[in-house]
Amino acid sequence: MNAPTRPNDYAAYPDARGRFGDYGGQYVPETLMPLVHDLDAAYAAAKADAAFQAELAGFLSHYVGRPSPLYFAARLTEHFGGAKIYLKREELNHTGSHKINNCMGQILLAMRMGKTRIIAETGAGQHGVATATVCARFGLPCVVYMGAVDVERQKPHVFRMNLLGAEVRPVTSGSATLKDAMNEALRDWVTNVHDTYYLIGSAAGMHPYPVMVRDFQSIIGREVREQILEVEGRLPDALVACVGGGSNAIGMFHPFLNDEGVKIFGVEAAGSGMDSGRHAAAINGGRPGVLHGNMTYLLQDREGQIEEAHSISAGLDYPGIGPEHAWLHDVGRATYLTATDAEALDAFMLLSKLEGILPAIESSHALARLPEITREVGKGGVVVLNLSGRGDKDVNTVAAHLGRTI
Amino acid sequence: MSKSRIEKRFADLKAEGRAAFVPYVMAGDPDAETALAILKGLPAAGADLIEVGFPFSDPMAEGPPIQRAAQRALSKGMTLKATLGAIAAFRAADADTPVILMGYMNPLVTWGVEAFARDAAAAGVDGLIIVDCPPEEADPLADALDAHDISLIRLATPTTDDARLQVVVRRTSGFVYYVSVAGVTGVKEADAAAVAPHVERVRKASGLPVAVGFGIKTPERAEAVARVADAVVVGSALVDEVAEAVELNEDVTGRVLSKVGALAKAVRLARRVPA
Ligand SMILES: Cc1ncc(COP(=O)(O)O)c(C=O)c1O
């Protein structure tokens, strides 16, 4: 297959049909088509409205706590002995991850559209908590769909959502994980079209979600740009982020896509190893297909049945990836690496010990590829890693793998 | 040949002055052999057209009954290739009953839409309904199906306004499927009186017969809808029969076909009385 040509301006994508090259689109049942068109129009209007942007900026600074710091990780840098490592501290946001950036944008949009009920899917519970948080803040009822398997592995998050007033509905259909939670949220949306807003948690799903979530998360990359210019006086040599659906990654990458000198690395979850067949690496281990409203790379069998993803990290445990990443991979603008469960665990421990920061097990996948990336960039170079979430939520998982009970 | 099989069937029924009864069955449910026996028995039990679902792991517009039917079929190893095989076996014995395949996009993407259209035509498929392929995304599939004279059946729903309806009916043939409730299959119940004006609207916009489905479970409801629509589709209620028969260790084929018989009879009874 010939690689598609690189565009001159990445900001010009997606096209009017929601396509990044071959990827994206709106593969949804007819009942939802008028809704996604409405959403598209409402989002375009909000995006262009200075009052909406000002309101969002206000909540991001006073409620979420932005800007998040860009922190020079001196001991980690010294440990690897290569490029300077900066951490974008998204884990310091309210609720402990980048997910809230998107939730704040979408809840303001939902209210602007006159919607009175919010639904969401969640895997790790991080997006569910962020959604329940903004729903509590604005007084909207919230239903979060969560795979029954994930409800079991993320009990504290379920309780947190309950405390925030959200109803968590365990999903037992299919493989009872994130993809099934998304199916169930879509089924709810088809059934309650008149009043319900579906707040998708990643830069995935049907147009306009991938572009909208990217835009709301791009605050990460815009801040990094300003911050790194201030401290280093130049752009970074490389950016690194973990990729589940791809929202924290695209949020950091997007403002740098036109800067061809900035290398871009996404890290997918390799689970028990790429050869084991038990992983969540859609680009490295899947092929293009259609799921949840868009064309993208998917884990699937020879018949086109979707396969279950496997990762120690519930937040990366999804068989697909946002369509913009699929395209960035095909055009060669970004490189998608993988990290196994074991590598992520090692990185988790390393950052905890060297920098006094417990990273989310999701973000730990990105950390795990720093040895190679900092070596490739080399001494004197600058690497920025998106620390998408904090690891307090993962201590039980980590303890279990260490054979300890807490 | 294929498009005309659908057209001819609706023309004949129009002459008879009645609506079509269209059962939906899941390929390979509860196993390939039983599903084929059901398929073969449908015309004699009163099916005028047949919808055959092909299983997908993530059927986002399906309620629990059809989700479970797909899971049963997949767990027995059902494939799209075997689905076409079953339709070819059916076609060998029945040259007239139109068969509509219904399912989701990804298995077709895997097959390749052009090759699939060719193979489906060879198996004797007359129409295709792809739930997650709206008109905006349908051109490549529509081109492939056109080349083999297979109808791409479109869905209209309660959220389809008049402007949207014009988009929906473009490039469609055979009939239009009116989804009678906003929701997934097999949960809410359709209301014949509420459906009637929409059927008329869709008929006018498309110039095609209008089938109504999603939410018709009983003979009474089928009869009421048959008074206002050109075809009545029943799916979840039939796959529920499969599930129950399996559970109770009963004769699956007999049970499904007898339900089909009752529903078909109700549709025939609804024949519009000449004014
Ligand atoms: C901390 C954290 N990072 C990353 C992810 C992965 O999502 P995405 O790829 O959309 O950033 C999650 C998802 O739950 C998360 O909680």
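Inside region B:145-167, can you point out the residues that are among the hydrophobic types (A, V, I, L, M, F, W, C), surrounded by fewer than 22 Cβ atoms within 10 Å (Cβ to Cβ) and within 13 Å of chain A (Cβ to nearest Cβ)? Give the steps one after another, and end with the answer.
At the first step, the residues of region B:145-167 found to be among the hydrophobic types (A, V, I, L, M, F, W, C) are B:145, B:147, B:150, B:152-153, B:155-156, B:163, B:165, B:167.
Narrowing further to those that are surrounded by fewer than 22 Cβ atoms within 10 Å (Cβ to Cβ): B:147, B:163, B:165, B:167.
Selection gives B:Ala163, B:Leu165, B:Val167.
Put simply, of B:Glu200, B:Glu189 the only residue that is in a loop (DSSP other than H, G, I, E, B), open to solvent by 60 Å² or more (accessible area, probe 1.4 Å) and free of Cβ contacts under 8 Å to residues at least 40 places away in the same chain is B:Glu189. Screening A:Pro288 with (1) touching a Ser or Thr at 6+ places or on another chain (Cβ under 6 Å); (2) open to solvent by 30 Å² or more (accessible area, probe 1.4 Å); (3) within 14 Å of chain B (Cβ to nearest Cβ) gives one miss only, at (1).
So which of A:Glu184, A:Glu223 ends up being away from chain B (no Cβ under 14 Å) and open to solvent by 10 Å² or more (accessible area, probe 1.4 Å)? Please lay out each step first, then the result.
On the way: A:Glu184 fails: away from chain B (no Cβ under 14 Å).
Checking each option against the conditions leaves just A:Glu223.
Selection within region A:77-93: residues that are buried (at least 20 other Cβ atoms within 10 Å of the Cβ) and within 16 Å of the ligand (Cβ to nearest atom). The member of this set that is farthest from A:Ile373 (Cα to Cα) is A:Asn93. The listed residues are A:Gly244, A:Gly201, A:Gly205, and the only one of them that is within 13 Å of chain B (Cβ to nearest Cβ), within 14 Å of the ligand (Cβ to nearest atom), of a type in the set (Gly, Ala, Ser) and outside any helix (DSSP H, G or I) turns out to be A:Gly205. Residues that are of a type in the set (Ser, Thr, Tyr) and within 16 Å of the ligand (Cβ to nearest atom) occur at least once in region A:354-373. A single entry from A:Leu186, A:Leu257 fulfils the requirement of being more than 15 Å from the ligand (Cβ to nearest atom), over 24 Å from B:Asp58 (Cβ atoms), at pLDDT 95 or above and among the aliphatic types (A, V, I, L, M): A:Leu257. Taking region B:36-58 as the range and being touching a Ser or Thr at 6+ places or on another chain (Cβ under 6 Å), in a helix (DSSP H, G or I) and buried (at least 23 other Cβ atoms within 10 Å of the Cβ) as the test, only B:Ile38 passes.
For region A:263-295, name all the residues that are among the polar types (S, T, N, Q), touching a strand residue (DSSP E or B) at 6+ places or on another chain (Cβ under 6 Å) and free of Cβ contacts under 8 Å to residues at least 60 places away in the same chain. Residue satisfying the conditions is A:Asn284 alone.
If the condition is being within 16 Å of the ligand (Cβ to nearest atom), of a type outside the set (Ser, Thr, Tyr) and in a loop (DSSP other than H, G, I, E, B), then region A:209-241 contributes no residue at all.
Being within 14 Å of another protein chain (Cβ to nearest Cβ) and within 16 Å of the ligand (Cβ to nearest atom), is that true of even one residue in region A:124-136? No; the residues of region A:124-136 include none that is within 14 Å of another protein chain (Cβ to nearest Cβ) and within 16 Å of the ligand (Cβ to nearest atom). Counting only residues that are assigned to a loop (DSSP other than H, G, I, E, B) and either within 10 Å of chain A (Cβ to nearest Cβ) or among the aromatic types (Phe, Trp, Tyr) (or both), region B:61-83 holds 6 of them. Only residues that are touching a helix residue (DSSP H, G or I) at 6+ places or on another chain (Cβ under 7 Å) and farther than 17 Å from A:Gly266 by Cβ were counted across region A:282-293, and they come to 4. Restricting attention to region A:298-332, the residues being more than 16 Å from A:Ser247 (Cβ to Cβ) and within 14 Å of chain B (Cβ to nearest Cβ) number 13.
Checked against (1) within 21 Å of the chain's Cα centre (by Cα); (2) not in a helix (DSSP H, G or I), A:Met104 passes all but condition (2).
Residues in region A:52-76 that are within 16 Å of the ligand (Cβ to nearest atom) and in a helix (DSSP H, G or I): A:Val64 alone. Against the test of being within 14 Å of chain A (Cβ to nearest Cβ) and touching a residue at least 24 places away in the same chain (Cβ under 8 Å), the options B:Asp29, B:Asp58, B:Asp48, B:Asp94 yield a single qualifying residue, B:Asp58. Selection of region B:129-144 for residues being away from every other protein chain (no Cβ under 13 Å) and under 16 Å from B:Arg170 (Cβ atoms) yields B:Ala142, B:Asp143.
The values are calculated or read from the model by the stated rules, or taken from the named source; none is laboratory data. Everything quoted here is computed from the prediction, not taken from an experiment. Virtual Cβ from ideal backbone geometry, glycine too; neighbours counted across all protein chains shown. Calculation scope for accessible area: heavy atoms of the full protein, side chains included, ligands and nucleic acids excluded. Shrake-Rupley method; radii C 1.70, N 1.55, O 1.52, S 1.80 Å.
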